[in-house]
1. Taking the Cβ of B:T85 as the centre, find all other residues whose Cβ is under 13 Å away and add up their charges (Lys, Arg: +1; Asp, Glu: -1).
2. Under a Cβ-Cβ cut-off of 15 Å, what is the net charge of the residues other than A:F296 that fall near it, where Lys and Arg count +1 and Asp and Glu count -1?
3. With a cut-off of at most 16 other beta carbons within 10 Å, and DSSP calling the residue loop, which trypsin sites (Lys or Arg not before Pro) in the range A:190-299 qualify? Please list them.
4. Shielding by partners for A:265-272, please: the mean number of other protein chain Cβ atoms within 10 Å of each residue's Cβ.
5. Cα-based Rg of the protein assembly as shown per 2.2 N^0.38 Å, rounded to two decimals?
6. What average count of beta carbons from other chains do you get within 10 Å of the Cβ of residues in A:181-192?
7. Quick one: what are the phi-derived ³J(HN,Hα) couplings along the range A:213-223, Karplus 6.51/-1.76/1.60 with θ = phi - 60°, whole Hz, x for glycine and proline?
8. Return the average number of partner chain Cβ atoms within 10 angstrom of each residue Cβ along peptide B:212-222.
Amino acid sequence: MQFGIFTVGDVTTDPTTGRTPTEAERIKAMVTIAQKAEEVGLDVFATGEHHNPPFVPSSPTTMLGYIAAKTDRLLLSTSTTLITTNDPVKIAEDYAMLQHLADGRVDLMMGRGNTGPVYPWFGKDITKGIELAVENYDLLRRLWREDVVDWQGTYRTPLRGFTSTPRPLDGVPPFVWHGSIRSPEIAEQAAYYGDGFFANHIFWPKAHFQRLIELYRTRFEHYGHGSADQAIVGLGGQVFMRKNSQDAVSEFRPYFDHAPVYGYGPSLEDFTEMTPLTVGSPAEVIEKTLKFRDYFGDYQRQLFLMDHAGLPLKTVLEQLDLLGEQVVPVLRKEFDALRPSHMPDGPTHAGLRAAAERAAADQRARELEAAGNAS
Amino acid sequence: MTTFTVAVVSAGLGQPSSTRLLADQLAGAVRTAVAGRGDRVEVITLELRELAHDITDNLLTGFPSVALHSALDAVGSADAAIAVTPVFSGSYSGLFKSFFDVLDRDALVGTPVLLAATGGSARHSLVLDYAMRPLLSYLKADIVPTGVFAATADFGSDEAGRSLADRVHRAAGELVARLSPSAVRTVDGLDGDLGPGPERNPRAARSDPFENLVPFEQLLARR
């Protein structure tokens, strides 16, 4: 099981001080947060991709490449990469390049963005969101898996004899997750390819996500990638902790009350009741996170949102200490003890490379056998 | 005998409210008319006042609370609906509109809906046709021809009161006329207007994307 953090990269005024970080401060803070994630023993850092203020991470591979140089073990990912409006050729190139620089510590999560105008900004038609996700991703897969690609589609200029460069590290493309908060089509897409499905359920009640994940698992099995319980699932989470539960609530409340997305709406108490948000002691976070398994089955990756709503860097780093020291070690132990042995591990480059080598060896053995039978 | 469900959406804010009073009169008239032809009706009345915070929260967070979710479900699964609002600043109330803003866009497709409103004087009565009707048309509801407006005076004077009772009776009759047991709809293929084909039953067109999943090969081929 992999544990990590994902960031939206919002520049938000701290409601308790009225101070707004500069873009430079926020960008450097994200790097510091990623380094801290590795230091406290987390496995994954994922950054969002946005093309409008108040968000800063418009260029994820620039940031992840820099973080790759500053870390040794941390897996670098996205939350999400816009498969609709980015050119799939550029995604293929950028993330293969990052794979080489980061020695394979790269995967990515496909998504469709959180703002409508991003489509016209990049010359795309918002009414074709699903179609773009389907066509672009199918091309992206081919660019990583076929050395020379002839391709023609609807939403991009055709390719003749095109080779995306550099080729994926060790011939193994990065693992891909598909993130969706709404669309069954995306769960179906993830299942079809045997890719991972990430449900960022942090703003929504669980019933909707149970349906999405159940659909993904059922279809994963239908397409022959393994049994439904072996499908690769990732979940979001959102926590704020202090040693004493009441301290966590009183410190986080002003950030909650003014937060982008849900601020000025439901009370902190109602929201923690309805969604995965946990504000309390590390023990409460452990208890609530372990319940995710009851709702969604055994899963491979848990990402927490830790650094939004104007929380100062110092506070975020304290939160990561608590997460890394008091929460994740317990979750690892508990989840591992509960997980049946036929469950796949969280995806890594080494794991995918070993699987590819096994598949190639099997193929060679079959060919030898066929040749032997023929003679 | 068939049991129909009728959802009544009442956006009155006062307690007691004349909007609720009118809503109850309409629900009572529907009950009588349904009983008159030997069927039964279950009336679910939603006081939007009780859901006002939840509706605002839904606008801000994008998802409904448990209580609002069941209210939205009740409207979406009802056989017919009665929508009643007070007139505020020349139109339906903001709360009334907000409820329909968080209601699923397909929730009322083909559902018979009776429109009614209350106001201080009859000078506001065109709210039915200039504000409410376009909103419910957008939602593709099957709106009955008679809308019912009740001015404050209608609840008092004999003549006006009788006239209101007549309008309530007529509108309720129009709503009930649209409540056809599905068995009746499907036995007679000649009955064009109420015919059985799914293409002629707009409510059947409502789709659950989970149950009507498009297999991925088709998504790939469709692009």
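1. Within the 13 Å Cβ shell, the charges total +3.
2. Every neighbour counted, the sum reads +4.
3. Passing both the DSSP loop test and the Cβ count: A:K243.
4. So the per-residue partner count for this stretch is 3.
5. Cα-based Rg divided by the globular estimate yields 1.15.
6. Per residue, the number of nearby Cβ atoms from other chains is 3 on average.
7. 3J(HN,Hα) across the range A:213-223, in whole Hz: 6, 4, 4, 4, 5, 4, 6, 4, 5, 3, 7.
8. 5
Read-outs throughout are calculated quantities, based only on the coordinates presented, and are distinct from any laboratory measurement. Remember, it's a predicted structure, so these values are computed and weren't measured experimentally. Quick reminder, even Gly has a Cβ in these numbers, built from the backbone with ideal geometry, and neighbours come from all protein chains shown.
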